[in-house]
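What follows is one structure encoded as structure tokens, with my remarks underneath.
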Amino acid sequence: MTLPSTQDLYEVVDATWPAAKTSRRGPFLIRDGQGGGKRVSAATLTASFESADIADAENAMRDLGQTPLFQVREGNSDLDDALAARGYEVIDPVTMYAVEASKLATERPPRTVAIETTGPLNIMREMWETGGIGPERVEVMNRACKPKAGFVSRWQDKPAGTSFIAMYNGISMIHAVEILPFQRRQGLGRWLMQRAAFWTRDNGGHTLSVICTDHNAAANGLYSSLGMSVVGRYHYRILSD
């Protein structure tokens, strides 16, 4: 089976972790994130542009109360150079991974490693809060495409973590993985990804994907050790107003 393209995963990100609203401003797609983080607040380029188009997009983001922020995707080198010339700084380079779900869905992990839920439970909200994932990001999950689910992780009879998964065009993407500090380094992340692969197959999908900031060495190491392939990358450029 052929893994999804970089463009496929950009679309999966947008569907499984969507902005509250989007609008067009010239060649840019403007996202109204409503506090949900960079992924749902960054503008993206959809056509050729001129310098005045960047200024127009900046004004559109300021009108939403957002700091000018662009997601620079593969093939956007001209935009990257133009933003750098305007004083934008690179922030949070991201790597996108994917793997055929059947390659991970080989042996079901312990049941309590990832107990499926239909919506964010209070215990999940509390654990996300400890990792800086507040109510605004939970709202992103509420508006994500279906099928989708939350996972509650327990280990040694204690809460261990939580995560969220959704699927678009047969490609699932796992988000908001939070393992409590005292439960880390026990293999829970690996089991969670295996559970996510089974969820993908059980819901008619074929591919499991995830995105990860480059500074998260532990998570990048985990995804590589699971045989997940790098499908593409992107980064943000932000203007400090």
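Quick rundown of the values:
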quantity	calculated
Selection status of Phe198, within 18 Å of the chain's Cα centre (by Cα) and either at pLDDT 95 or above or not in a helix (DSSP H, G or I) (or both)	no
Residue match in the stretch 26-42 (condition: under 21 Å from Tyr168 (Cα atoms), under 21 Å from the mean Cα position of the chain (by Cα), assigned to a helix (DSSP H, G or I) and not hydrophobic (A, V, I, L, M, F, W, C))	yes
Inter-residue pairs, beta-carbon under 6 Å, first closer than 14 Å to Thr6 by Cβ and in the stretch 69-85, second part of a strand (DSSP E or B), 6+ apart	Gln71/Thr44; Gln71/Tyr234; Gln71/Tyr236; Val72/His235; Val72/Arg237; Arg73/Tyr234; Glu74/Gly232; Asn76/Leu45
Filter result (of a type in the set (Gly, Ala, Ser) and surrounded by 14 or more Cβ atoms within 10 Å (Cβ to Cβ)) within the stretch 188-223	Gly189, Ala196, Ala197, Gly205, Ser209, Ala219
Matching residues in the stretch 80-103 - criterion: being among the hydroxyl-bearing types (Ser, Thr, Tyr) and surrounded by 18 or more Cβ atoms within 10 Å (Cβ to Cβ)	Tyr88, Thr95, Tyr97
Selection from the stretch 62-79 of residues that are surrounded by 17 or more Cβ atoms within 10 Å (Cβ to Cβ) and either part of a helix (DSSP H, G or I) or not assigned by TED's automatic domain parsing to the domain that holds Asp32 (or both)	Leu79
Matching residues, the stretch 1-38, being of a type in the set (Lys, Arg) and more than 15 Å from Ala176 (Cα to Cα)	Lys21, Arg24, Arg25, Arg31
Some residue of the stretch 77-88 being under 30 Å from Arg190 (Cα atoms) and of a type in the set (A, V, I, L, M)	no
Where Ala43 falls short, out of the listed (1) out of contact with any Leu (no Cβ under 7 Å at 6 or more places or on another chain); (2) closer than 26 Å to Asn142 by Cα; (3) in contact (Cβ under 8 Å) with a residue 12 or more places away in the chain; (4) not hydroxyl-bearing (Ser, Thr, Tyr)	(1)
Residue check for Asn142: over 21 Å from Leu3 (Cβ atoms), without any contact (Cβ under 8 Å) to a residue 24 or more places away in the chain and under 14 Å from the mean Cα position of the chain (by Cα)	no
Some residue of the stretch 137-145 being surrounded by 22 or more Cβ atoms within 10 Å (Cβ to Cβ) and in contact with a Phe, Trp or Tyr (Cβ under 6 Å, 6 or more places away or on another chain)	yes
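The values are calculated or read from the model by the stated rules, or taken from the named source; none is laboratory data. Since we're looking at a predicted model, the values are computed, not measured. Every residue, glycine among them, receives a Cβ derived from its backbone with ideal geometry; neighbour counts consider all protein chains shown.
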